[in-house]
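Right, one structure below, let's go through it.
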Amino acid sequence: MSRDFAEVPVDHADARRAAESVLDFPGADDVEVSVMGSQTGVTRYALSEIIQNTVRNEVRAYVRVVTGRQVATAVTTQLDAGHMNRAAASALEAARQSRPDEEWPGLPSPDVVGHAQGCWRYDDATAAATPKERAAQVVRLLSASEADNTSGVFETSAHSFSVLSSAGVDCADAHTRCVTTCLVDTGEATGWGEDSSHRLDRVDAEAAARRALDKARRGTGAIDAPTGRHQVVLEPAAVATMLEYLSYCGMGAKQFIDGESFLIGQTGKQLAAPGITLADDVWHAHSVGIGFDFEGVPKKRVAVIDQGTATGPVTDWRTSRKLKTEPTGHYSGSTEFGPYASHLVLDRGGDSLDELISGVDDGLLVTRFHYVNVLDRPSTLLTGMTRDGTFRITKGEVGGAVHNFRFAHSVLDALRSTSGVGRELAAFAPDYGSFGGTVAPALRVEDFNFASTTSH
C-alpha cells in the first residue's frame, strides 16, 4: 500500500488512523473517509520579471455517513480524532435531516469491485522543489524568450489521496506535477508554449519559451482571412481543449442515463474517423493521476470511441448498477454530476506535424483555442476563438499569420472529418485544479467552421 517516497503530503498510515477513529461511528450504518493532501508552489512572472511566489499546503478529510438511505458528507481540515468525530457527527445529523436517496446503491465493496492499486506517478525532486529552484527555471525561460513582455507560471506540486470505508475499501495513491506556461507578447503578436509532466526534470521550460517566441515572431503582420469552412491543422493544445469539452458533453454515464449525452443511441456506430481512438486512461505513460476514484473503485481504461466507433460512457458505482455493467472507477465526488472522464488520451497516429501540414492545399494552422463555451451538449457544438498563432497554409506550406477567428463547430464533426493524426503526443495539465489531464496529438481536419474574424 505504501511506496518508498521521501514524504507525501499525507501518509496513508496517518489517513488510516484518522479514518479508523470514525469508521464505526455510533448511529451510522456505513462511513467512508476520503483524505486528500496537497503541497503546491507557484512562481508567476509578467513583463519578463518574477512577480509572485506562493506556497500552499492543504489537507482535507471528507467524511460521508450513511444511515438507511440517507447520506451526507462533512469536511474537516484536521485529522485528529476529535475533529474527525465532530465531522462524522455533523454528517450524521445532516443525513438524518436529508431526504432518503431511493437509488442509493450502498458503498462499494472491494470483494465486488476489486482492490484498487495506485499509479504512483510521484517524484521526490518535484515534490521537494523550492522557490529558488522554480525561480532558476523561470530565469532560464525568460532568457530563452528574448522578449520584454513574457508572462506565465512555473508550478510544482505533490498530491496524496486515501480512501477508506466501513465496507472494506483501503487504498492510497500519490502523484506530483510540474507545469510551465509561457506567453510572449511582442506588441504586434503573441505566441504560446507550455509543458507538463509528473517529473520536473522532464519539463523543458526553455523549449516552451522558444516555441512561444517563434509563434510571436511569425505572427507579426497578420492579415484578414476569409471566414467559413476551412481545412485545418490543429496543434495538440487546440485538440486537447476540444477533447476536454467533449468529455463535459457526455462521456459520463449520468448524462447518458439522463438523455443529455452525445453517446445516446450511438453505441456500436461510427462516430469519428477510423483513426480516432479516444480513451479515459489514467494508466497511460503521459497521464498524471490516481488509480481509483473517490469511492476507492479501481479505475479502468475506457475507450469511449474505439477506432471511430462509439462504445459507451465511463461509470461509477451508482450508474453501473443502473446500467447493469461493471463500474469503471470514475466517480467524480458528486452524485449530482456523476462519473467523469478526466484523464483523456487520444491515440497517436503516424504523421509528423509537417506531414499533416503537407496534406493541406488551402487552409489554416491553429495553435490553440480560448474563451471556449458549449452551445449544445448533445451535438457537442462549441464556440470559441483561436489564439497565439493562426497561420495560412498554402499548398502544404505554412505561410503568414492571419487574424484570429471565432469558431462555431461540433467536436464530433471535427473528429468525423479528421484525415490525419499526429504521432507526437503532448500532455496538458488542467487549467484549474490539479486533478486530471489530457494527452493529445495534432490533427488534420478537413472541414472546420470559422464564423467570424477579429481585428488582431
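Just so it is clear, none of the values below were taken in a lab; they were calculated from the coordinates. Since the model is a prediction, treat every value here as computed from it, not as a measurement. Neighbour counts are summed over all protein chains in view; Cβ atoms, including those assigned to glycine, are modelled from backbone coordinates with ideal geometry.
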- [ ] Go ahead and collect, in residue order, the members of region 15-52 whose backbone nitrogen is under 14 Å from a label point 7 Å along the Cα-Cβ direction of Ala94.
- [x] 32-34
Open item on the list: Test of understanding: ordering Ser455, Ser143, Ser196 by Cβ neighbours within 10 Å, fewest first, what list do you get?
Closed with: Ser455, Ser143, Ser196
Task: Neighbour-count order for Asp195, Asp354, Asp413, fewest beta carbons within 10 angstrom listed first - done: Asp354, Asp413, Asp195
- [ ] Within 10 Å of each residue's Cβ, count the other Cβ atoms and sort Phe25, Phe448, Phe161 from fewest upward.
- [x] Phe25, Phe448, Phe161
TODO: Nearest 5 is fine: what % of DSSP beta bridges in region 314-456 come out antiparallel, could you say?
DONE: 90 percent
Task: Glu336 versus Lys395: modelled label distance in nm, points set 7 Å from Cα along the beta carbon direction - done: 5.8 nm
Open item on the list: What whole-number distance in Å separates the alpha-carbon centres of region 133-194 and region 90-128?
Closed with: 28 Å
Open item on the list: Once you keep just the Cα pairs under 8 angstrom separated by 6 or more residues, what percentage relative contact order results for region 1-136?
Closed with: 23 percent
- [ ] Apply the Karplus parameterisation 6.51 cos²θ - 1.76 cosθ + 1.60, with θ equal to phi minus 60°, to every residue of region 386-395 and state each ³J(HN,Hα) to the nearest whole Hz, in sequence, with x for glycine and proline.
- [x] 6, 7, 6, x, 10, 10, 6, 10, 10, 6
Task: Virtual spin-label span in nm between Glu103 and Ala207, 7 Å along Cα→Cβ - done: 4.6 nm
Task: Reachable lysines, given that their alpha-carbon falls under 17 Å from the alpha-carbon of Lys324 and they are not under 8 places away in the same chain - done: Lys254, Lys300
Task: Relative contact order %, the chain, counting alpha carbon pairs below 8 Å whose residues are six or more apart - done: 15 percent
TODO: Under a cut-off of 17 Å between alpha-carbon atoms, report the aspartates and glutamates in cross-link reach of Lys299, not counting same-chain residues fewer than 8 places apart.
DONE: Asp111, Asp170, Asp173, Asp280, Asp281, Asp316, Glu326
Open item on the list: Compute the distance from the alpha-carbon center of region 197-255 to that of region 378-456, in whole Å.
Closed with: 6 Å
Open item on the list: If you take every residue apart from Gly329 with its C-beta less than 13 Å away from the C-beta of Gly329, what net charge results, scoring Lys and Arg +1 and Asp and Glu -1?
Closed with: -3
Open item on the list: Suppose the chain between Trp283 and Asp362 were pulled fully straight at 0.36 nm per residue; how much longer would it get relative to their current alpha carbon spacing?
Closed with: 24.6 nm
Open item on the list: Less than 23 Å apart at the alpha-carbon level, and either on another chain or at least 8 residues along: which lysines does that give for Lys215?
Closed with: Lys395
Task: Cα shape, the chain, gyration tensor, a/c 1.5 rule - done: oblate
TODO: Enter the angle in degrees (range 0 to 90, nearest 10) between the Cα long axis of helix 205-218 and the first principal axis of the Cα atoms of the chain, meaning the one along which they spread out most.
DONE: 40 degrees
Open item on the list: Just to confirm a number: summing +1 for Lys and Arg and -1 for Asp and Glu over residues other than Thr40 whose beta-carbon lies under 12 angstrom from that of Thr40, what do you get?
Closed with: +1
- [ ] Using θ = phi - 60° and the Karplus relation 6.51 cos²θ - 1.76 cosθ + 1.60, list the HN-Hα couplings for region 409-416 in order, rounded to whole Hz, with x at every Gly or Pro.
- [x] 7, 7, 4, 5, 4, 5, 5, 5
TODO: With runs of 4+ DSSP H residues as the only contributors, calculate the mean residue ellipticity of the chain at 222 nm using -39,500 (n - 2.57) per run, divided by the residue total and rounded to the nearest 500.
DONE: -6000 deg cm²/dmol
TODO: Starting from the Cα of Asp431, step 7 Å along the direction of its Cβ; do the same at Leu47; then give the gap between the two resulting points in nm.
DONE: 2.6 nm
